[in-house]
Amino acid sequence: MVDTVNENIASDTGAEPVAVPQDTILEVDRLQTYFYTRGGIVKAVDDVSFQLGRGETLGIVGESGCGKSITALSILRLVPSPPGRIIGGEVRLEGRNLLDCDEDEMRDIRGNEISMIFQEPMTSLNPVITIGRQIGEALILHQGMSQNEAMEKAIEMLALVRIPEPQQRVKEYPHQLSGGMRQRVMIAMALSCNPKVLIADEPTTALDVTIQAQILELIVELKEKLGTAVILITHDLGVVAETTQRVVVMYAGKKVEEAEVLDLFQNPMHPYTQGLLSSIPSLGILSGDSSQVEERLTEIPGMVPALNDLPVGCAFAPRCPYADDQCIAAYPPYEERSSGHWAACWHSDKLGGRTHG
């Protein structure tokens, strides 16, 4: 299956890996977000850094609870406090540190310069306000439009995301729309002010496969049309393969690997990434054709550690087939293992080019 995904990447992006854009629009530098609970300090995001180039799509992947969504909420300063608190690092949008901005400045940035598509559109949309008013709110606030101008723009945005009869839909409420249409409304809201950065947090959650494909295709199409840089948060490596240029892999609140997408799939340098790739089902498994199933679907043993009780060494060591005393004793340095390919593992040299453990 990994070979098939690699072929798809090569055909979609060209034989050579896509170069990281030199023009950086967003920089996350050593970000730390902790939650102070009765059970102790939960290190939800711990020393995470990455850059996003203009027009680039960056994927952030990992199991549930690894810190993907909290990283996104930290960028927008939406972490609930208490119990959460951003205790360190910087988030720079075109050189401006958002962590130094006051709340009024952040209101000007949210939905205007940086927008976010949340996981559950039904809980993100207000059930008692019409679709048109919800889209128009950001336009009135950030663009200074009148009510009529905002409504016309809302109709235009609904048409852009391919919702039929947009003149009628702006008058309707969220419960009158299907799940796929609600997600399209969320995309229309997020892109209405033509933001510089779009954060898509699991944008296809709870949607059927056909609608998922349409939503992802729409995000890619609008990104190319509007020139918006995208951070795509997902646990689905198939989505990553089809839509991103670079990938950040997170585990237990830390970034454990980063590379261009083709390099990551062909040459994973962290056992966790290797495990994620090995767990992708093959076409034979999906179809139920036993003659095409050559091996059992691989799973990563064990559980994600509690973020309020992390080990001294590598957090993945209890689940890792390569772990030794060094892994248990000390956390590995995050280093460039090959050109543009970074990983935090004492045994990256043993993994070169292997996608199955």
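The values are calculated or read from the model by the stated rules, or taken from the named source; none is laboratory data. What you see is a predicted model, and the numbers here were worked out from it, not measured in a lab. Note that we place each Cβ from the backbone using ideal geometry, even for glycine, and neighbour counts take in every protein chain shown. Accessible surface areas use protein heavy atoms only, side chains included; no ligands, DNA or RNA. Shrake-Rupley method; radii C 1.70, N 1.55, O 1.52, S 1.80 Å.
Table: residues versus (1) among the charged types (D, E, K, R); (2) crowded, with 19+ Cβ neighbours inside 10 Å; (3) at pLDDT below 90; (4) not in a loop (DSSP other than H, G, I, E, B).
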site	(1), (2), (3), (4)
I187	no, yes, yes, yes
A190	no, yes, yes, yes
L198	no, yes, no, yes
T210	no, no, yes, yes
K223	yes, yes, yes, yes
L232	no, yes, no, yes
E258	yes, yes, no, yes
L264	no, yes, no, yes
M269	no, yes, no, no
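Is at least one residue of the range 272-285 open to solvent by 10 Å² or more (accessible area, probe 1.4 Å), free of Cβ contacts under 8 Å to residues at least 24 places away in the same chain, in a helix (DSSP H, G or I) and over 28 Å from E94 (Cα atoms)? Outline the logic, then answer.
Taking the range 272-285 first, the residues open to solvent by 10 Å² or more (accessible area, probe 1.4 Å) are 275-276, 279-283, 285.
Keeping just the survivors that are free of Cβ contacts under 8 Å to residues at least 24 places away in the same chain gives 279, 285.
Adding the requirement that they be in a helix (DSSP H, G or I) leaves 285.
Next, only the ones that are over 28 Å from E94 (Cα atoms) stay: 285.
Checking the range 272-285: at least one residue is open to solvent by 10 Å² or more (accessible area, probe 1.4 Å), free of Cβ contacts under 8 Å to residues at least 24 places away in the same chain, in a helix (DSSP H, G or I) and over 28 Å from E94 (Cα atoms).
Determine whether the range 206-217 contains at least one residue that is in contact (Cβ under 8 Å) with a residue 12 or more places away in the chain, farther than 24 Å from I109 by Cβ and among the hydroxyl-bearing types (S, T, Y). No, that holds for no residue. For the range 271-314, the candidate set comprises residues that are under 19 Å from H347 (Cβ atoms) and small (G, A, S); within that set, the residue that is modelled with the highest pLDDT is G313.
Taken across the range 80-89, residues that are hydroxyl-bearing (S, T, Y), open to solvent by 40 Å² or more (accessible area, probe 1.4 Å), free of Cβ contacts under 8 Å to residues at least 24 places away in the same chain and farther than 24 Å from V45 by Cα do not occur at all. Applying a threshold of 6 Å to beta carbon distances and a minimum spacing of six or more residues, or different chains, the list of pairs starting in the range 321-337 at a residue that is under 16 Å from Y272 (Cα atoms) and ending at one that is in a loop (DSSP other than H, G, I, E, B) and among the small types (G, A, S) reads P321/G357; C327/G313; I328/G313; Y331/G313. Annotation: of all residues in the range 158-170 being modelled with pLDDT of 90 or more and part of a helix (DSSP H, G or I), the one that is least open to solvent (accessible area, probe 1.4 Å) is L158. Here I75 fulfils each of the conditions (1) more than 21 Å from L307 (Cβ to Cβ); (2) at pLDDT 95 or above apart from (1). Among the residues of the range 29-69, those that are closer than 25 Å to V261 by Cα, open to solvent by 40 Å² or more (accessible area, probe 1.4 Å) and either touching a His at 6+ places or on another chain (Cβ under 6 Å) or modelled with pLDDT of 90 or more (or both) comprise D29, R30, D47, Q51, R54.
Those residues that are in contact with a strand residue (DSSP E or B) (Cβ under 8 Å, 6 or more places away or on another chain) and either within 21 Å of P203 (Cβ to Cβ) or among the aliphatic types (A, V, I, L, M) (or both), I need them from the range 79-108; list them, please. Passing the criteria: V79, I86, I87, V91, L93, L98, L99. Candidates in the range 100-137 are the residues that are under 16 Å from R184 (Cα atoms) and among the hydrophobic types (A, V, I, L, M, F, W, C); of these, the one that is surrounded by the most Cβ atoms within 10 Å (Cβ to Cβ) is I131.
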